[in-house]
Every structure is written in structure tokens, then in C-alpha cells.
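Asker: Just dropping this structure here.
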Amino acid sequence: MSSPLERCREIAGFEVLVGALGYDSLADWVARWAANDGLSLAREAWPVGVDFTWMASVGLPLLDQLQQFQGRSLLGLAAMPGCGKSTLCAWVKAAAAHLGMAVEVVSLDDFYFEGQALDAAMDGNPWRAPRGIPGSHDVELLLRCLRQWRSEGSCEAPVFDKALRQGRGDRAGTRLLKADLLILEGWFVGAGPWAAASHGEESADLTPLTQAELAYRPVIQRNVLPYQEVWRQLDGLWQLSPTTLSTVTGWKRQQNLSQQQQTGSGLAEHELETMTRSLQVCIPESALVSGRSADVVLRVNAQRQVEEVRLAGG
């Protein structure tokens with residue numbers, strides 16, 4: 001049976017990716033990571049049962065990308081909730097340390113407004129989503145933190161605990177971010193404004209937009225505008241894109257169940273369904289990276305396997 005590194009040969013576009021990352025060939029890339037025992041890096045950071053092909057096809061190329069950066073650099077990572085990006089980022093941070101790189105991860109989620117301000121910002125959305133959609137974050141605070149980190153190499157970032165307030169979440173202190181390389185992760189990192197003609201854009205694998213959802217899209221479009229300055233801070237952007245948006249439903253359900261098992265708190269089923277729906281339809285799919293085009297897009301199926309890699313301009 002072939003190794004996880006060798007199985008990456010089967011992914012459409014993967015050889016082009018490793019070429020863009022500075023390798024002469026896919027064979028060179030496989031040999032480099034095999035020689036460095038890449039699949040053993042920070043293995044304690046992976047949950048039991050994680051497919052090592054996921055580590056090989058996503059984690060190792062991300063490490064390659066980080067090693068290419070010169071000086072203080074900010075990498076955006078866009079991925080829908082539940083696809084495994086938080087676990088991936090935790091592993092990248094730990095594995096990078098083994099390779100002598102100081103990497104920190106900051107999530108858009110940590111910059112949600114505090115409880116009452118968050119409720120006010122989310123009031124009136126047709127899904128009654130408690131958080132998650134554009135307009136729920138303190139963008140000014142995020143920009144201050146990123147600029148301070150860019151200038152000084154460190155900043156104090158807020159921490160958001162989704163288990164507080166019966167699963168609606170709230171701020172829970174701060175933490176120090178100190179690193180030369182920073183990953184900003186969130187599901188709509190890179191999303192931009194869209195033409196009015198796209199307000200009615202729908203995804204074929206989801207139920208049609210309701211009139212209330214259609215009417216709220218211009219509100220989301222206005223809300224996404226302040227984030228554009230955040231995207232302009234990025235030195236690179238990778239997107240983990242589901243092959244179908246309906247896949248997000250299963251991912252989000254697994255994520256919520258894990259939260260309930262770990263903390264004893266999570267969203268009720270109807271709240272989970274409406275929140276997931278808000279993530280799937282509030283932004284037209286074509287606009288998810290229209291604000292800042294992704295440099296690398298990894299198309300991921302329901303089993304969290306990379307099926308295809310696309311590069312900017314490819």
C-alpha cells in the first residue's frame with residue numbers, strides 16, 4: 001500500500017502546488033518530507049483516527065508555505081466550520097515549532113463582539129444566528145491587533161468561549177500572541193462585496209433562498225465591507241473549499257457534538273440548523289474569495305479528503 005505522501009500524487013493539481021512551493025518535482029517533495037519524517041511531526045497534536053493523508057496533503061504544504069515567507073508574515077486560512085481547520089492550525093503551530101518557526105494562530109471567532117453587543121449586532125438576521133456571519137466581529141479591534149503585531153511582533157488578542165451563555169458565547173479574557181508568522185483563520189476570510197446582480201445567486205445543492213434570506217443579502221454585503229482592510233493585511237491566502245456546501249451541515253453537527261461532549265454546552269438542534277444555514281447562504285458562493293483572491297484553493301469532500309488543488313490564475 002502506498003504511503004500518505006505517495007497518495008498525494010492522486011490529487012488533481014497537487015504537483016502544480018508543490019512546484020509553486022519551490023520543489024523541482026512531486027518526487028522531490030515526497031523525498032524531502034519522507035527524509036524529514038514529516039508525518040511524525042507533532043503527532044500528539046492530531047486526534048486519534050485522523051487520516052495521515054490529510055496531514056500530508058494539507059498540513060505539510062502549509063508548512064512549506066510558511067517556510068517560504070520572509071520576515072513577519074500573515075497567512076489567511078479560509079475554511080467552513082467543522083472541516084478540521086482548528087485542529088489543522090494547532091498541528092501546524094506545533095509542527096512549525098519542531099522546524100524552528102514561531103507560528104501563532106488567531107481566529108476571526110475570537111474577535112466576536114462581547115455578549116450584549118454581539119446580540120445587538122445579530123438582531124434581525126433571518127436565521128436568528130447568534131454569531132458567525134459578517135457584522136458579528138469587532139473589526140476595528142482586529143485591525144489594531146494585527147497592526148500592533150506587524151509593528152512589534154506581539155499583541156494581546158481576545159479569547160471567545162462558545163460554551164458561555166448557553167452556547168451563544170462570550171469573551172473570556174485575552175491571550176498574548178508573539179510570533180514571526182501568524183495564521184488568521186475563519187470561514188469567510190477573503191470574502192468581498194459582490195454585484196447587485198449576484199444577490200440572488202444560489203447553490204444547486206441547497207434549498208432555494210427564502211424571501212427573507214434574499215432581502216438580507218444587501219445587509220451582509222454592507223457588513224462585509226469593513227473586513228476588506230483586514231484582507232489587505234494578508235501576505236497569502238489559502239482556502240479549504242467544500243466540494244458541495246451541503247457538506248457543511250454534517251461537519252457542523254459533528255463539531256457541535258464534540259463541543260457538547262467536551263464542555264457540556266452547545267447549540268440545540270434547531271439553533272444548529274439555522275446557524276449552519278446562515279453560513280451556507282448569507283454570502284453568494286462566488287463572493288467567498290472575491291475580496292482577496294485565494295492563492296491556493298484545496299477542494300475538500302465530505303470525508304475531509306482533498307480532491308483537487310487550484311492555484312491563483314490557474
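The values are calculated or read from the model by the stated rules, or taken from the named source; none is laboratory data. For clarity, every value in this text was computed on a predicted model and none was experimentally measured. For neighbour counting, all protein chains shown are included, and Cβ atoms are generated from backbone atoms with ideal geometry for every residue, glycine included. Please note that ligands, DNA and RNA were not included when accessible areas were found on the heavy atoms of the full protein model with its side chains. Shrake-Rupley method; radii C 1.70, N 1.55, O 1.52, S 1.80 Å.
Asker: Among the listed residues GLN280, GLN211, GLN254, GLN233, which satisfies the condition of being within 30 Å of ARG144 (Cβ to Cβ) and not hydrophobic (A, V, I, L, M, F, W, C)? Even if it seems obvious, please write down each step before you answer.
Answerer: Numbers: GLN280 fails: within 30 Å of ARG144 (Cβ to Cβ); GLN211 fails: within 30 Å of ARG144 (Cβ to Cβ); GLN254 fails: within 30 Å of ARG144 (Cβ to Cβ).
None of the others qualify; the one that does is GLN233.
Asker: Modelled with pLDDT of 80 or more, hydrophobic (A, V, I, L, M, F, W, C) and open to solvent by less than 50 Å² (accessible area, probe 1.4 Å), is that true of LEU240?
Answerer: It is true that LEU240 is modelled with pLDDT of 80 or more, hydrophobic (A, V, I, L, M, F, W, C) and open to solvent by less than 50 Å² (accessible area, probe 1.4 Å).
Asker: Another question, then. Would you confirm, using the coordinates I've provided, whether LEU108 is closer than 26 Å to ASP235 by Cβ and at pLDDT 95 or above?
Answerer: yes
Matching residues to (1) surrounded by 13 or more Cβ atoms within 10 Å (Cβ to Cβ); (2) not aliphatic (A, V, I, L, M):
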| position | (1), (2) |
| --- | --- |
| ILE11 | yes, no |
| PHE14 | yes, yes |
| ALA20 | yes, no |
| ARG32 | yes, yes |
| ASP37 | no, yes |
| SER40 | no, yes |
| TRP46 | yes, yes |
| GLN70 | no, yes |
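Asker: A follow-up question, please. Is there a residue being closer than 27 Å to GLY19 by Cα and not aromatic (Phe, Trp, Tyr) anywhere in the range 105-118?
Answerer: Scanning the range 105-118, I find at least one residue that is closer than 27 Å to GLY19 by Cα and not aromatic (Phe, Trp, Tyr), so the answer is yes.
Asker: On the given criteria, is LEU234 at pLDDT 95 or above, of a type outside the set (S, T, N, Q) and assigned to a loop (DSSP other than H, G, I, E, B)?
Answerer: Values: at pLDDT 95 or above: yes; of a type outside the set (S, T, N, Q): yes; assigned to a loop (DSSP other than H, G, I, E, B): yes.
Yes: the conditions hold for LEU234.
Asker: So which strands (runs of 3 or more DSSP E) are wholly in the range 55-161 and hold at least 3 residues that are touching a residue at least 24 places away in the same chain (Cβ under 8 Å) and of a type outside the set (Val, Ile, Thr)?
Answerer: Here the list reads 73-79, 154-161.
Asker: Given (1) open to solvent by 20 Å² or more (accessible area, probe 1.4 Å); (2) without any contact (Cβ under 8 Å) to a residue 40 or more places away in the chain; (3) not in a strand (DSSP E or B), where does GLY173 come up short, assuming only one miss?
Answerer: (3)
Asker: Something else: Do you know which residues across the range 262-313 are in contact (Cβ under 8 Å) with a residue 60 or more places away in the chain, of a type in the set (Lys, Arg) and closer than 25 Å to ASP235 by Cα?
Answerer: If the condition is that a residue be in contact (Cβ under 8 Å) with a residue 60 or more places away in the chain, of a type in the set (Lys, Arg) and closer than 25 Å to ASP235 by Cα, then ARG292, ARG310 are the ones that fit.
Asker: Right, another one. Against the definition (in a loop (DSSP other than H, G, I, E, B), closer than 27 Å to VAL58 by Cα, of a type in the set (Gly, Ala, Ser) and open to solvent by 10 Å² or more (accessible area, probe 1.4 Å)), how does SER203 come out, yes or no? Spell out how you get there, then give the answer.
Answerer: Details: in a loop (DSSP other than H, G, I, E, B): yes; closer than 27 Å to VAL58 by Cα: yes; of a type in the set (Gly, Ala, Ser): yes; open to solvent by 10 Å² or more (accessible area, probe 1.4 Å): yes.
When the stated conditions are applied, SER203 passes them.
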